[in-house]
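**Q** I have a structure I would like to understand better, so I am pasting it below and will then ask my questions one at a time.
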Amino acid sequence: MRKCRLSENYSLDDIEFMSELTKSVVWRVEEGLSYDIDRYIEYASVLGKTFHSLFKEATISYSVGPRLALSPERLARIGLTSKIKELISEKGSFSKETTVDNVSILLVKTKNIEKTKKLSSSISTVLTNWVNDGILSSRKVGKINYYKFKDA
């Protein structure tokens, strides 16, 4: 990308003046070190190019994938989420109110999930995430949460 800038005879100061990018940000963009896509778009715009054409001209290569790997605990939760989704399609779970304990019993019985001390907590995390995402509704009676699909 630096070659693109230099072919236009622009200095780092010129790019800084014509944009909202600092010289250090311009340098990070040219080195491919910025994680903010808006900075690349701004840089391309200042050079009078589209984002796509700038990347094509600059023959940028980049790796695809997350910057950080998920922890084993998060990977396990994703697997658990998948198993709970299978329960929904197979058993119609959550069409009527259900509890973490009911989900736990079904998972152990039908999905060969091992009953551990963390299982209820992990299920609760998945269901709470679904409540936060607007998929389920919940109500609390005493210390027990009841979960159900939200009415459409």
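The values are calculated or read from the model by the stated rules, or taken from the named source; none is laboratory data. Just so you know, these numbers come straight off a predicted model, no measurement behind them. Ideal geometry is used to build each Cβ from the backbone, glycine not excepted, and the neighbour counts take in all protein chains shown. With ligands, DNA and RNA removed, areas are computed over all heavy atoms of the protein, side chains included. Shrake-Rupley method; radii C 1.70, N 1.55, O 1.52, S 1.80 Å.
**Q** Within the chain, what's the longest stretch lacking GluC sites (Glu not before Pro) that sit in DSSP loops with no more than 13 other Cβ atoms inside 10 Å?
**A** For GluC sites (Glu not before Pro) (loop position, at most 13 other Cβ atoms within 10 Å), the longest site-free span of the chain is 32-113.
**Q** Give me the distance in nm between label points sitting 7 Å out from Cα along the Cα-to-Cβ direction at LYS117 and ARG67, one decimal.
**A** Each label point lies 7 Å from its Cα, and together they span 3.5 nm.
**Q** Another question about this same structure. Starting from segment 31-117, pick out the chymotrypsin sites (Phe, Trp or Tyr not before Pro) whose DSSP state is loop and whose Cβ has at most 16 other Cβ atoms within 10 Å.
**A** When the chymotrypsin sites (Phe, Trp or Tyr not before Pro) of segment 31-117 are filtered for loop state and at most 16 Cβ neighbours within 10 Å, TYR35, TYR62 remain.
**Q** With a ≥ b ≥ c taken as the square roots of the eigenvalues of the C-alpha gyration tensor of segment 1-54, please select rounded if a/c is under 1.5 and otherwise prolate if a/b is larger than b/c or oblate if it is not?
**A** rounded
**Q** Enumerate the whole-percent occupancy of each 10 Å bin, from 0 to the last occupied one, for all C-alpha pair distances of the chain.
**A** Calculated over all Cα pairs of the chain, the distribution is 9, 29, 14, 11, 18, 16, 4, 0 percent.
**Q** Net charge near GLU16: determine it from the other residues with C-beta under 12 Å of the C-beta of GLU16, scoring Lys and Arg +1 and Asp and Glu -1.
**A** Net local charge, GLU16 excluded: -2.
**Q** Kindly flag which residue pairs out of LYS115/LYS150; LYS85/LYS117; LYS85/LYS150; LYS91/LYS115; LYS96/LYS140 have an alpha-carbon separation exceeding 25 Å in this structure.
**A** In this structure, LYS115/LYS150 exceed 25 Å between Cα atoms.
**Q** Let me ask something else about it. Roughly how many Å² is the accessible area per residue of the chain, as a whole number, for a 1.4 Å probe?
**A** Result: 70 Å² of accessible area for each residue.
**Q** How far apart, in nanometres, would the label points at ALA76 and PHE55 be if each is projected 7 angstrom from Cα along the Cα-to-Cβ direction?
**A** 3.7
**Q** Carbon and sulfur: what percent of the chain's accessible surface (1.4 Å probe)?
**A** 52
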